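The values are calculated or read from the model by the stated rules, or taken from the named source; none is laboratory data. Note that the coordinates shown come from a computational prediction; the quantities given were computed from them, not determined experimentally. Every residue, glycine as well, gets a Cβ built from its backbone with ideal geometry; the counts of neighbours run over all protein chains shown. All accessible areas refer to the heavy atoms of the entire protein, side chains included, with ligands and DNA or RNA removed. Shrake-Rupley method; radii C 1.70, N 1.55, O 1.52, S 1.80 Å.
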Amino acid sequence: MPSGGEQRLFWWQTRWFVAAMAFIAAIPLLLPDVAPLVDLPGHMGRWRVQQSMHQAPWLGDWYNFEWRLIGNLGIDLLIVPLEPLLGLELAVKLIVISIPVLTAIGLLWIAREVHGRVPATALFALPIVYSFPFHFGFVNFALAMALSLNAFALWLRLARLGHIRLRAILFVPIGLILWVTHTFGWGLLGVLAFSAELIRQHDRGRNWFTAAVFAGLHCIVLVPPAILMLVWRSGDDVTGQTADWFNWRVKARWALMIFRDRWILLDMGTLAACFLLLLKGVHDPNIEYSRNLTLSALCLLAVYLLLPRIVFGSAYADMRLAPFLLGIALLALRPKAGLSIRRASIVAAIGLTFFAGRIAATTLSFWQYDQSYDRQLAALDKLPVGARLVSFVGETCRDEWTMSRLEHIPAMALTRKFAFSNDQWSMAGAQLLTVNYAAGRGFNHDPSQIVTDVRCPREYWRPIAVALARFPRGAFDYIWMVEPPAYDRRLEAGLVPLWRDGSSALFRIEDRRPPRLLMQDLGPLGPEFFERINRRRRSFEKASFPPGTPAPAPPPAARAPGNRPPPA
């Protein structure tokens, strides 16, 4: 750049530009009433139970909710003061909007601290604000990662200004806050802070081993949450396990799904453009990599490769890290000092167009998902408050690129109508909520709401015919079918339709006698599936009732939860 240019801020380096990028990042979430993120409605159902046990005491007949200190409480805690002021849905919407906004700010702030000014190439990292983990609805995780990026920028700034003691004081509570928000945010900050401090110590003349020792000493301020982690995971009722290590095939797939949303060509094209830019940084004499962020990216790559797929019962642990690995690698790029202002401006304009195009596509995609949500949620107008509801949401055995995002839409019945929803996660130690509705056993928690046309390999999902024939009709009063696979209408025997829209429908259960399940209902795998069911039943009866033991009397009809409003 020309001499004297160091004192001049160009359009992509100003605070106004950062503010504009933050606003643009919020645009896709402004229109939808409920952000169309796969798991988000399920979380909203949990927050409804959390906030409304006193208002709807029958929820206690279905769910246990117990406050405890775990590393996954970000929005759960924010909802406590915000829900009484704004209502649950508006409070959730505003918090979710803040996530891509904070992510964009954090990325640009990191770029400024590392490079001195925001380089034109940094704009290519901004599309990760809407990465696949965010689309999946890992909102506590996404909030923690957004906060972690900003915390890392603050870590870099305080080091640059020489405020090391102040940094040590501030990052004790910052680390604790990040851990409580979500463990991954704390972990990301630890990796980034150590790698940055390692470079800083090495630049001060220390060899790599000594620099690593000093970097570790500076990062001790981030260690206290590890004590909380030990306390959390040592509980007797903690069931979440860590498993599926070194699954290279799945890791490669996750790396290709960083921008997965709706249109595979667009999403893969976005990823390809990012990879090409990283490759250009290796060969182009006008672009170079920052040592600081390159080391950070390499450390994150090592963590990604070593991380198992399931951590403490939370699936897709490694997948969640992939977008941030890519984002940090892109931030490491910068034009060399000799690049002209004109060429740097062209790079910045291309980066801005890249981000704006991605935001436009995401906005259209979210609008289409919002239309789908509105069509399905119209069923709730016919559902009474406090209903004992079982829901079945259609899915396919194919991992289709475009997801329906309806897997946890049943939780909106819990959110809006205080009804029972069988889509809630029930894993002691990983969530504050567990399901205790014994009458609905087998159909009372996730993934019992997912149904398919045939039995899917390696999945717990039931075929729709099995679900309709086997769910305990005495435990529920209503059935909500959300875009189910095709099935024989004979299986609707005893069900009175209250609402229909295409294949979706809401029924009231009038006849508690289940329909007969026929071999033809299960397709080509029917005989094998029937034999599997019969083997399990015979094994259970043999274990429970030895020869000579009289058969038990049938259980009484499930009682309705106490204090529940009568069905309409």
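Descriptive notes on the structure:
- If you take the Cα centroid of segment 139-214 and the Cα centroid of segment 30-85, the two points sit 31 Å apart.
- Highest-first packing order for the peptide set 316-326, 268-278 is 316-326, 268-278, based on the mean count of other beta carbon atoms within 10 Å.
- Using the 1.4 Å probe convention, the accessible area of the chain works out to 44 Å² per residue with neighbouring protein chains retained.
- Judged by the mean number of other Cβ atoms found within 10 Å, the most tightly packed of the peptides 191-200, 175-184 leads the ranking 175-184, 191-200.
- For the chain, alpha-carbon Rg over 2.2 N^0.38 Å: 1.08
- Solvent-accessible area, 1.4 Å probe, carbon plus sulfur percent, for segment 30-74: 51
- Estimated [θ] at 222 nm from DSSP helical runs (n ≥ 4, -39500 (n - 2.57)) normalised by residues in the chain, nearest 500: -16500 deg cm²/dmol
- Helices of the chain meeting both criteria, an alpha-carbon length of 20 angstrom or more along the long axis and an average Kyte-Doolittle score not below -0.5, with helices taken as full DSSP H segments, are 88-115, 139-160, 164-181, 183-203, 264-283, 291-306, 317-331, 341-377.
- Averaged over residues, the count of other Cβ atoms within 10 Å places the peptides 362-373, 507-518 in the sequence 362-373, 507-518, highest first.
- Descending Cα extents along the principal axes, segment 276-336, whole Å: 46, 20, 13
- Accessible surface of segment 75-228, 1.4 Å probe, proportion on carbon and sulfur as whole %: 74
- For segment 399-444, the set of chymotrypsin sites (Phe, Trp or Tyr not before Pro) satisfying both a DSSP loop assignment and a count of at most 14 other C-beta atoms within 10 Å is given as TRP401.
- Within a straight-line Cα-Cα reach of under 17 Å, LYS336 can be paired with the following aspartates and glutamates, leaving aside sequence neighbours fewer than 8 residues apart in one chain: GLU6, GLU113, ASP284, GLU288.
- Within the accessible area of segment 383-453 (1.4 Å probe), percent carbon and sulfur: 50
- Nearest-0.05 FRET efficiency for ARG249 and GLN371, computed from C-beta distance (R0 45 Å): 0.80
- Taking N as its residue count, the alpha carbon Rg of segment 390-437 over 2.2 N^0.38 Å: 1.34
- Inter-part distance where segment 390-446 and segment 326-354 are each reduced to a Cα centre, Å: 44
- Segment 90-177: C-alpha pair distances exceeding 18 Å, %: 50
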